[in-house]
Each structure stands twice: as structure tokens, then as C-alpha cells.
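Written below as C-alpha cells is the structure these notes are about.
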Amino acid sequence: MSLLKEAQQLLDKLKTAHKKNDWPAGKAVLGQLRIKLIQLPAVPPNTGFSSPTAQQELLLARDVYEHAVLLALKSQDEAALESSFTQLKTFYADTRSLLPAAPQEWMFAGLDLLRLLVANRIAEFHTELELIPAEGMTVPHVVSAVQLEQWLMEGAYNKVLAAGKSLPPECSFAVEQLSATVREEIASCAEASYSSLKLADAQVLMMMTSKKELEQFAEQHGWAIEGDLVHFHRAAADDANAEQHLRLINQSLLYAKELERIV
């Protein structure tokens, strides 16, 4: 059996692992596939582009790298995701003049933007965004990434939390992680702004679907629920702030007395 056919069979196994969300099996197949790809003469870093099966080899390699990204996304393996995206983007760049346009290239660019946004790598987010041409800017995955970044910068956290149902399914990994980050930010703001809130109001503020979900969140953050109120325990923080303000006042009075004495 030729190397190309063996690689194609392994790719079929990789696609099956992706459909089943079976990261361990997919990871094992990926390791075998990478060895096969190195042996194919047309696949970079090899330069056998004159091979009679060169285009088939390159198309297969592109399919492998794309599925490697999708599988890493589902497994939420950050290290694998980083290396898979790097490998895919490099492959796109190296083979752009050798293959027909990749139908999903800008979808993957959008997913990469979301990955950077979730990691709060905003400078890299904008660097990658500038590399996307006009036709890529209309792809839903890119549009979604740009919109989410804008809402985060504006502090429109309610829009981020409500965005899940309207985004492409491949973006769900980012929505889940951003929602957790946004809820933590809202919780910090609530603790700084209120001593207590009605449970119903807190549930709306956090955009939680049930009272039970709010109670679990409150327990994780050390909030007390009494009756229909959730208490944020600001007393200790208020006492510390009051003590700091008193110290500043005393220092200011001391400086004033010293200035008066000098004059």
C-alpha cells in the first residue's frame, strides 16, 4: 500500500475521532499522521512539488491540519491548540500558490481570533485581524470575534453573555470561557457597588437561568443568602477603606500644620 493511501486511511480515523469527540484516539492518530506527512515528498518542509501526486498529498495534509485544530478545540487542550493553529497558518501560507483556495481558511482565522481573545492576547488579536483580507471579514466566525472583542472593550457584558445562541457552533468554546470571565467581572463590580441585592435582581444581573445556579455561584464567592437577599460582605472592605481615608486625613492635617509653622 502506498504512503498516500496509508495516510488517507489514518485521516479517516482522525475524522471519526473528531466526530466522536475522542481526543485520546485522535491524538494517537495525529502522531501517526505527522510521521506519514513527513514521508510524503510534496508536503513541506519537503519540496517534491513535481511529484505526480503532489496536489493530493498537499490537500490531504491541509485536511489533517484543519482537523487537528478542530479536535484540539473540542478537547480544550491549549498547548495542542497553539501548535495546531501555528502549523495550519504556516501551511496555508506555504501552499497558497500550489493549491486552490481553502474553503475554510477564514473560518479558522476567526477561530484563531477567538482563541486569542479568550486568552486576553489583544495585541496579537489585532495583528492577526489586520492580516485578514476583505473577503474574510464577512465570514461569520471573523464577524463574531470582532463583535465580541468590541463588546468586551465597551463593557457590554450582557451582550457577551447573550451572544451564545447567535454564534456559529464552532465558537462555543470561546463563548463558554468568555461567559465565565464576564460573570467574574460582573461579580467584582457588584461586590464593589452593593452591600446586598435581591436574589431576583442578582440573577438578572448575572444572566443566570435559575436560582440554584445563582446559589452555587454565591457559595463559590463566599456570599451569604438570607431570605430573598444576597449579601456581598463588604463590611471588611468598608472598614479597611475607612481606616485608609482616616490615615490620609491625618497626614494632610499634619502637612498643613507643618506648612503653617514654616510660614
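Tabulated results
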{"item": "Close pairs from the stretch 145-157: first farther than 14 Å from Arg115 by Cα, partner surrounded by 13 or more Cβ atoms within 10 Å (Cβ to Cβ), Cβ under 7 Å, at least 6 apart", "result": "Trp151/Lys159; Trp151/Val160; Leu152/Val160; Tyr157/Val182; Tyr157/Glu185; Tyr157/Ile186"}
{"item": "Matching residues in the stretch 1-17 - criterion: being modelled with pLDDT of 90 or more and in contact with a helix residue (DSSP H, G or I) (Cβ under 7 Å, 6 or more places away or on another chain)", "result": "Leu4, Glu6, Ala7, Gln8, Leu10, Leu11, Lys13, Leu14, Lys15, Ala17"}
{"item": "Boolean, Leu99 is assigned to a helix (DSSP H, G or I), open to solvent by less than 60 Å² (accessible area, probe 1.4 Å) and in contact with a helix residue (DSSP H, G or I) (Cβ under 6 Å, 6 or more places away or on another chain)", "result": "no"}
{"item": "All positions within the stretch 47-79 that are among the hydrophobic types (A, V, I, L, M, F, W, C) and either open to solvent by less than 20 Å² (accessible area, probe 1.4 Å) or touching a Lys or Arg at 6+ places or on another chain (Cβ under 7 Å) (or both)", "result": "Ala54, Leu58, Leu60, Ala61, Val64, Ala68, Val69, Leu71, Ala72, Leu73"}
{"item": "Hits in the stretch 106-125 - residues which are farther than 14 Å from Leu70 by Cβ and charged (D, E, K, R)", "result": "Arg121, Glu124"}
{"item": "Members of the stretch 168-203 found to be more than 19 Å from Leu113 (Cβ to Cβ), among the charged types (D, E, K, R) and touching a residue at least 12 places away in the same chain (Cβ under 8 Å), listed by number", "result": "Arg183, Glu185, Glu191, Lys198"}
{"item": "Residues located in the stretch 141-191, provided they are of a type in the set (Ser, Thr, Tyr) and either open to solvent by less than 70 Å² (accessible area, probe 1.4 Å) or at pLDDT 85 or above (or both)", "result": "Ser144, Tyr157, Ser172, Ser179, Ser188"}
{"item": "Close pairs from the stretch 47-72: first free of Cβ contacts under 8 Å to residues at least 12 places away in the same chain, partner open to solvent by less than 20 Å² (accessible area, probe 1.4 Å), Cβ under 9 Å, at least 6 apart", "result": "Gly48/Leu40; Gly48/Ala42; Gly48/Ala54; Gly48/Glu57; Ser50/Ala42; Ser51/Leu40; Ser51/Ala42; Ser51/Glu57"}
{"item": "Tally, over the stretch 26-58, of residues that are part of a helix (DSSP H, G or I) and in contact with a helix residue (DSSP H, G or I) (Cβ under 7 Å, 6 or more places away or on another chain)", "result": "11"}
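Residue-by-condition table, conditions (1) closer than 28 Å to Phe125 by Cα; (2) out of contact with any Asp or Glu (no Cβ under 9 Å at 6 or more places or on another chain); (3) not in a helix (DSSP H, G or I):
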position: Gln9; (1), (2), (3): no, yes, no
position: Pro24; (1), (2), (3): no, yes, no
position: Leu60; (1), (2), (3): no, yes, no
position: Leu71; (1), (2), (3): yes, no, no
position: Ala79; (1), (2), (3): yes, yes, no
position: Tyr92; (1), (2), (3): yes, no, no
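The values are calculated or read from the model by the stated rules, or taken from the named source; none is laboratory data. Worth saying up front: this structure is predicted, and the values here are computed from it rather than measured. Glycine gets a Cβ as well: all are built from the backbone with ideal geometry, and neighbour counts include every protein chain shown. Side chains included, ligands, DNA and RNA excluded: accessible areas come from the protein's heavy atoms. Shrake-Rupley method; radii C 1.70, N 1.55, O 1.52, S 1.80 Å.
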